[in-house]
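Only one structure is covered here, and it is reproduced in the block below.
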Amino acid sequence: MPLIFTQRADNWLRRGMAGAFVSVVLGITGLYYYAPPEYTRVGYAPKQPVAYSHELHAGRLGLSCLYCHTGVEESSVAKIPPTQTCMNCHQAIKADSPQLEAIRVSWAGGGPVRWERVHQTPDYVYFNHAVHVRRGVGCVSCHGKVNEMPVVVHEKPLSMGWCLECHRHPEEHLRPPDQSTNFEWQPPQGQNQRDYGLTLKDQFGIRAPETCTGCHR
Amino acid sequence: MRWVFLGLAMLTALVIREMGTRGTVSDRRPLMVFSDMDFQPRYNPQAAGPFFADGRAMRTPPAGTVPFGGTDYECDAGSPRQNPDLLREDDAYYRGKKGTTWVTVNPLRVDMKLLQRGQERYGIFCAPCHGATGKGNGVITQYGLTGVAGITDALHALMPDGQFFDVISNGKGRMMPYGPQIKVRDRWAIIAYVRALSRSQNAGITDVPESIRGELKP
């Protein structure tokens, strides 16, 4: 009986299948690695219109986050400070620095400074800063060590899985509410974060929502 | 066979080179493939909006209006009492004035809670310039801000609370207004705390109870 496929075609088929298999494996690995927000968002650090540095202002000068982000304790948004907040100091300090040109233009009536947004949850997600900060979740848990960043870098994925991970085990992150903006805070001597977090969780009756309507309302 | 694998290996290398690893810092905007309802037709706080000429979604209050947060629930429900925040009519509380004279007494009940709140807020908003002790030697003065007043000396103890309130709210000379940053209640808390600070720094022998004066050593 004559062969329908030649030996060569057979070889090609095998090669093709092996190649396809490896490609699919690589493709899935690639998607798995590159598609989630751990890749797409983490590390995003847009270029800002003013070379404002948290490392200088919040770190070395020791300004509290609340000096500028005044909404963080009482509203859902932390608020990017208005130009006036910068002028509190910069009308006198480095008043003619070229780096502050955009701030001066804005102060003289040139409209808002167009800061680039770094962290952003989709519009269908309900997020609220005040409920977290006032219940003892520190900025550091969700934004990383901002006080050491010359440029704000997106450090956490802000995915649904990430939110839920903490909502299921908030004790890993809880601290006394008045220490929310303290980046050096450590659990008291002789206690680890877990046990201390559990005491706080009981004391304040912390119940973070895990149901869909908690965050999609 | 070899070529297929070589090709794939090169493709992988190219992808890794182009895409980098997780967490690499870059200013490339996160790629969005399915942005189904991520951006809904609504204006978010502090966001841009094409509707108004200045490109802002948020508006500044028109002249002559009083911005306030919240709603007058009680009044809406028929209560004769009005939310005092609504019109900010209380001159003493909202402007530190009675007629044309400064109020001299803090309109809030001064207790430990208020003082602690004041201490915290003072640390956040005033200490960078006026220093933790109020002597006008905060960290910013090392960077070229001159003429920061000491606010806890005997002279400033004579400044009426109302005038102090006015300085915080509307600024004075080289000090910018802090009204937009600090809530009215917190401003009074800060004043109460500064008074306590000033008291502690200008204390004399008469402030020590008689019974323990003997224990003081020069």
Cα-based shape type of region B:115-169, given that a ≥ b ≥ c are square roots of the gyration tensor eigenvalues and the cut on a/c is 1.5: oblate
Net charge dipole size for chain B [Lys, Arg +1 and Asp, Glu -1 on Cβ; Debye, nearest 20]: 580 debye
Residue order, fewest to most beta carbons within 10 Å, for B:ILE16, B:ILE212, A:ILE206, B:ILE182: B:ILE212, B:ILE16, A:ILE206, B:ILE182
For A:MET87, A:MET17, order by how many other beta-carbon atoms lie within 10 Å, fewest first: A:MET17, A:MET87
Options B:ILE182, B:TYR193, A:THR85, ranked by Cα towards positive dipole end of the protein assembly as shown, top entry (Cβ charges): A:THR85
Region B:91-201: relative contact order as a whole-number percent, Cα under 8 Å and 6+ apart: 35 percent
Highest-MSF residue in chain A out of A:GLY144, A:GLY27, A:GLY161 [GNM, Cα springs under 10 Å]: A:GLY27
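Which semi-axes, in whole Å and largest first, does the equivalent ellipsoid of region A:176-217 have when worked out from the alpha carbon gyration tensor as the square roots of 5 times its eigenvalues?
Calculated on Cα positions only, the semi-axes equal 25, 14, 9 Å.
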Normalised alpha carbon radius of gyration of chain A [divisor 2.2 N^0.38 Å]: 1.48
Cα pair distances of region A:31-86 binned at 10 Å [whole percent]: 18, 35, 31, 14, 2
Region B:45-153 - Debye-derived log10 I(q)/I(0), Cα point model, q = 0.11, 0.12, 0.13 Å⁻¹: -0.70, -0.81, -0.92
Highest-fluctuation residue, A:PRO188, A:PRO82, A:PRO37 considered, GNM on chain A with Cα pairs under 10 Å: A:PRO188
Relative contact order [Cα under 8 Å, 6+ residues apart], chain A, whole percent: 24 percent
Partner chain coverage, peptide B:21-34 - average Cβ within 10 angstrom: 5
Unit charges on C-beta of K, R, D, E only; dipole of the protein assembly as shown, Debye: 740 debye
Most mobile of B:LEU145, B:LEU197, B:LEU115 in a GNM of chain B (Cα contacts under 10 Å): B:LEU145
Angle between chain A longest axis and helix A:193-204 axis [Cα atoms, degrees, rounded to 10]: 60 degrees
Distribution of pairwise C-alpha distances over region B:91-201, 10 Å bins, in %: 15, 50, 31, 4, 0
In order through region A:54-68: 3J(HN,Hα) via Karplus (6.51 cos²θ - 1.76 cosθ + 1.60), integer Hz, x for Gly, Pro: 5, 4, 6, 6, 7, x, 6, 6, x, 5, 6, 4, 6, 4, 9
Histogram of C-alpha separations across the protein assembly as shown, 10 Å bin width, %: 3, 15, 23, 23, 17, 8, 5, 3, 2, 1, 0, 0, 0
Amide proton proximity set for B:ARG56, modelled H, under 5 Å, gap of 5+: B:GLY49
Order of A:PHE204, B:PHE125, A:PHE21 under a 10 Å beta carbon neighbour criterion, fewest first: A:PHE21, A:PHE204, B:PHE125
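Any read-out appearing in this document is the output of simple, stated calculations on the displayed coordinates, not a laboratory observation. Treat the numbers as computed from the prediction; the structure is a model and nothing was measured. Note: ideal-geometry Cβ built from the backbone for every residue, glycine included; neighbour counts use all protein chains shown.
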